[in-house]
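Visitor: Sharing a structure, written as structure tokens. Questions coming.
Derivation of every value follows stated rules applied to the coordinates shown; laboratory data play no part. As the structure is a prediction and not an experimental result, all values here were calculated from the model. No Cβ is skipped: glycine too gets one built from the backbone with ideal geometry, and neighbour counts run over all protein chains shown.
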Amino acid sequence: MKKLIAKINKEKVFDVIIVLIVIALYVCVALFIYSNFRERKRKEVKTNIINKVDEQINEIKANQAQEDNGSIPKQITVTYSGINYTVLGKIRIKKIGIYEPILKENTKEAYDASAVKISGPNLNEKGNVSIGGHNFMRGNFFIKINKLVKDDIVTITDLSGTSINYYVYDSGVTSIDDVSYLAQPTDKNEMIVTLVTCTKGGKQRYFVKAKAK
Amino acid sequence: MMLVDVSEEKKKTDKFMIGIYISLIVLIILGLIVYFFGYEFLKPYIKV
């Protein structure tokens, strides 16, 4: 009889474990789907913003062709899903497959959607402009900037449609408190782009510096 | 010698396992349906 009771108890424990495994499976599937949907939506937002930027650039080029000397905007506002994004231009790094709008807002929503300008002058102007991006483990944003080596090309396009190639010349890891990589160059004619992201765990910052030749 | 009838226990276990299999099948079917057709419906509720 005792053996039977022990057997029944064992079976009950086994049943509870199975139920917990099934619940865990449901949670895992839900999280996977949510993560996938979130990434799909982020891509939609990104594509939408880039299309708006391209429209703007084409409009400016058309105006220039008609010798209409309207002022070239330094930023445009794109609204998507009720969130306003102020767009300054776009960044392309072919080597690691980055093609993102550059946003002005230094907010969580902006960082979740795309790359963000942290500091510095307007895009494609003299000085050091720093651009930050998340280091998501899903393989997007700036997670791969650590693969950039000397002379790799970072292309920045502003809203006038001007694209300038910047060539990587420096990279490194530094502490969160050290923001020396944001400093303006001593040579006032230099055009520098600094890409910044977190290291794994977010305890340090990884930066890549590139300059126009 | 004492004989114990375990047929009821066996039936309960079988029912339990059938329930588990059904819930797994539901999980797979529901997961596939949501994954392939649910995005447009759930899009407004997803934050970027």
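Visitor: Within region A:48-75, can you find the residues that are surrounded by 13 or more Cβ atoms within 10 Å (Cβ to Cβ) and in contact (Cβ under 8 Å) with a residue 12 or more places away in the chain?
Guide: Within region A:48-75, A:N48, A:I49, A:I50, A:K52, A:V53, A:Q56, A:I57, A:I60, A:I72, A:P73, A:K74, A:Q75 meet the criteria.
Visitor: For the structure I just gave you, tell me whether A:E55 is within 14 Å of another protein chain (Cβ to nearest Cβ) and under 33 Å from the mean Cα position of the chain (by Cα).
Guide: When the stated conditions are applied, A:E55 does not pass them.
Visitor: Additional query: Output the number of the condition that A:V78 fails; it satisfies all remaining conditions of (1) more than 12 Å from every other protein chain (Cβ to nearest Cβ); (2) in contact with a Gly (Cβ under 7 Å, 6 or more places away or on another chain); (3) surrounded by 14 or more Cβ atoms within 10 Å (Cβ to Cβ).
Guide: Condition (2) is where A:V78 drops out.
Visitor: Let me ask something else. Working only within region B:12-48, note down all residues that are facing another protein chain (nearest Cβ under 7 Å) and among the basic types (K, R).
Guide: Result: B:K43, single match.
Visitor: One residue is enough: does region A:131-152 have a residue meeting the conditions crowded, with 16+ Cβ neighbours inside 10 Å and assigned to a strand (DSSP E or B)?
Guide: Yes, because at least one residue in region A:131-152 is crowded, with 16+ Cβ neighbours inside 10 Å and assigned to a strand (DSSP E or B).
Visitor: Give A:P121, A:P73 a once-over and let me know the one that is assigned to a loop (DSSP other than H, G, I, E, B) and touching a Leu at 6+ places or on another chain (Cβ under 6 Å).
Guide: After ruling out the rest, the residue left standing is A:P73.
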